Amino acid sequence: MEIRIGQGYDVHAIAEGLPMWLGGVRIPSRTGFVAHSDGDVAIHALCDALLGALALGDIGHLFPDTDDRWKGVDSKELLAAVLALPEYRDWRVVNADITIALQAPKLAPHIDAMRSTLAGVMGIGAERVSVKATTTEKLGFVGRREGCEVWAIVLIEQK
Ligand code: MG
């Protein structure tokens, strides 16, 4: 039985008055992410990890921001679309581990909702999905509240 590993990384800029979606969950905040889609930077990193595991390119290649079909799209649909690719037919997700770097707001109250939402879209148990959040101690663009940075790693196995 073959296993594969994939990693993904994404950044979105923060702006006032936009909705903040992370891990498929709406986070109460006066700021949100600048994006062509709903700006769910955590799902975008996860999609890139899943694509990377099978060397299928990246999310920007699959869902170009020049295509109006993806304008304002719910990123959960992008995640589902990645797993619905024909190349994914013989594979299942073993686990995913996601780290979100965001200065504010605090994400702790939303971690479990993100885990269960992402697990639901991927068709696996929430115990297989880890979501961790950290600030950057006010350092760098994350610390200045200019953006949000996410890393994701996934392991997949052949069915
Ligand atoms: Mg993105």
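For region 59-77, name all the residues that are in a helix (DSSP H, G or I) and either among the β-branched types (Val, Ile, Thr) or under 13 Å from Gly39 (Cα atoms) (or both). Spell out the reasoning first.
Just the residues of region 59-77 that are in a helix (DSSP H, G or I), to begin with: 59-62, 68-70, 75-77.
Once the filter is applied, which keeps residues that are in a helix (DSSP H, G or I) and either among the β-branched types (Val, Ile, Thr) or under 13 Å from Gly39 (Cα atoms) (or both), region 59-77 yields Ile59, Gly60, Trp70, Ser75, Lys76, Glu77.
Filter region 44-69 down to residues that are open to solvent by 20 Å² or more (accessible area, probe 1.4 Å), of a type in the set (Gly, Ala, Ser) and more than 11 Å from the ligand (Cβ to nearest atom), then give me how many there are. Break it down stepwise before answering.
Start the filter on region 44-69 by keeping residues that are open to solvent by 20 Å² or more (accessible area, probe 1.4 Å), which leaves 48, 52, 54-69.
Now restrict to residues that are of a type in the set (Gly, Ala, Ser): 52, 55, 57, 60.
With more than 11 Å from the ligand (Cβ to nearest atom) added as a condition, the list becomes 52, 55, 57.
Qualifying residue count for the region: 3.
A quick yes/no check of all residues on (1) out of contact with any Cys (no Cβ under 8 Å at 6 or more places or on another chain); (2) among the basic types (Lys, Arg):
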residue: Tyr88; (1), (2): yes, no
residue: Asn95; (1), (2): yes, no
residue: Ala101; (1), (2): no, no
residue: Ala104; (1), (2): yes, no
residue: Ile111; (1), (2): yes, no
residue: Met114; (1), (2): yes, no
residue: Ala119; (1), (2): yes, no
residue: Arg145; (1), (2): yes, yes
residue: Leu155; (1), (2): yes, no
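Give Val82, Val93, Val131 a once-over and let me know the one that is more than 14 Å from Cys47 (Cα to Cα), buried (at least 21 other Cβ atoms within 10 Å of the Cβ) and at pLDDT 95 or above.
Val131
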| Only one of these conditions is not met by Leu18: (1) open to solvent by 50 Å² or more (accessible area, probe 1.4 Å); (2) part of a strand (DSSP E or B). Which number is it? | (2)
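Give the residue, chosen from His44, His12, that is part of a strand (DSSP E or B) and at pLDDT 95 or above.
Selected residue: His12, the only one of His44, His12 that is part of a strand (DSSP E or B) and at pLDDT 95 or above.
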| query | Just wondering, is there one or more residues in region 69-90 that are free of Cβ contacts under 8 Å to residues at least 24 places away in the same chain and of a type in the set (Asp, Glu)? | reply | yes
| In region 27-40, which residue that is over 20 Å from Arg69 (Cβ atoms) and touching an Asp or Glu at 6+ places or on another chain (Cβ under 9 Å) is nearest to the ligand (Cβ to nearest atom)? | Gly32
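Condition check: touching a Phe, Trp or Tyr at 6+ places or on another chain (Cβ under 9 Å), of a type in the set (Val, Ile, Thr) and crowded, with 16+ Cβ neighbours inside 10 Å. Does Val41 satisfy that? First the steps, then the outcome.
On the way: touching a Phe, Trp or Tyr at 6+ places or on another chain (Cβ under 9 Å): yes; of a type in the set (Val, Ile, Thr): yes; crowded, with 16+ Cβ neighbours inside 10 Å: yes.
Answer is yes for this residue.
The values are calculated or read from the model by the stated rules, or taken from the named source; none is laboratory data. In this text, all values refer to a predicted model and were calculated from it rather than measured experimentally. Note that we place each Cβ from the backbone using ideal geometry, even for glycine, and neighbour counts take in every protein chain shown. Ligands, DNA and RNA are stripped out before the accessible areas are found, and what is left, the full protein with its side chains, is counted by its heavy atoms. Shrake-Rupley method; radii C 1.70, N 1.55, O 1.52, S 1.80 Å.
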